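Okay, so here's the structure we're looking at.
The values are calculated or read from the model by the stated rules, or taken from the named source; none is laboratory data. If you're wondering where the values come from, they're calculated on a predicted model, not measured in any experiment. Cβ sites come from the backbone with ideal geometry, for glycine too, and all protein chains shown count toward neighbours. We work out accessible area using only protein heavy atoms, side chains counted, and drop any ligands, DNA or RNA first. Shrake-Rupley method; radii C 1.70, N 1.55, O 1.52, S 1.80 Å.
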Amino acid sequence: MKWHILLYAVILITTISCTTNDNDISKTIEQYYKTYQERDDFEKFLGFYDEKIVLEDIINADRIEGKKALEDFFDWNNPEYKKIAANALVIYEQTIDGNRAVTSGHFTEFLWGEQKFEAMHFVTILTFNQSGKIIKQVDWINYPSNLIDYTKRKNSNEWIK
């Protein structure tokens, strides 16, 4: 009889522990995307990432390693960027499984200097470490043709415009 109680206690503690981790990651993801949508606090945004973050932009064939490189890559403080909509992105769907989240949505229209860029669909996979920091990000973004110079692709799937 005591074994059953002990077994149930272990199962209950394990279940609560796993649920707490998923909830913690869910809250972090919610805060991360809220910060991204507002696009006002770059330091807070960078705070979601581990120092050894790896970002892979599949379409652009970029691989960014380390938080400083990530900061340069995102370049949020560039005065050429101007948000048009209240939110910089809209989320359609999100799936969280353990330490990984897959999010799809679109970036809203924006201005870069005087040029207007259309909305861009995206799918992002975020992987978190045990400390709740993002250690890997994989992006698929349908960049508009006027934003990318396709003749400068870096991977083996190059094509000529």
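Of all residues in the stretch 83-96, none are touching a strand residue (DSSP E or B) at 6+ places or on another chain (Cβ under 6 Å), open to solvent by 60 Å² or more (accessible area, probe 1.4 Å), within 18 Å of L46 (Cα to Cα) and at pLDDT 95 or above. Contact map, the stretch 36-58: first residue closer than 18 Å to D24 by Cα and modelled with pLDDT under 95, second residue open to solvent by less than 10 Å² (accessible area, probe 1.4 Å) and outside any helix (DSSP H, G or I), Cβ cut-off under 6 Å, separation 6 or more or different chains; the map is empty.
The set of residues in the stretch 25-58 being under 15 Å from the mean Cα position of the chain (by Cα) and closer than 21 Å to W112 by Cα consists of T35, Y36, Q37, E38, R39, F42, F45, D57. Working only within the stretch 111-150, note down all residues that are open to solvent by 20 Å² or more (accessible area, probe 1.4 Å) and under 23 Å from A86 (Cβ atoms). Once the filter is applied, which keeps residues that are open to solvent by 20 Å² or more (accessible area, probe 1.4 Å) and under 23 Å from A86 (Cβ atoms), the stretch 111-150 yields L111, W112, E114, Q115, K116, E118, A119, H121, V123, N142, Y143, L147.
If the condition is being farther than 23 Å from M120 by Cα, open to solvent by 70 Å² or more (accessible area, probe 1.4 Å) and at pLDDT 95 or above, then the stretch 1-35 contributes only K27.
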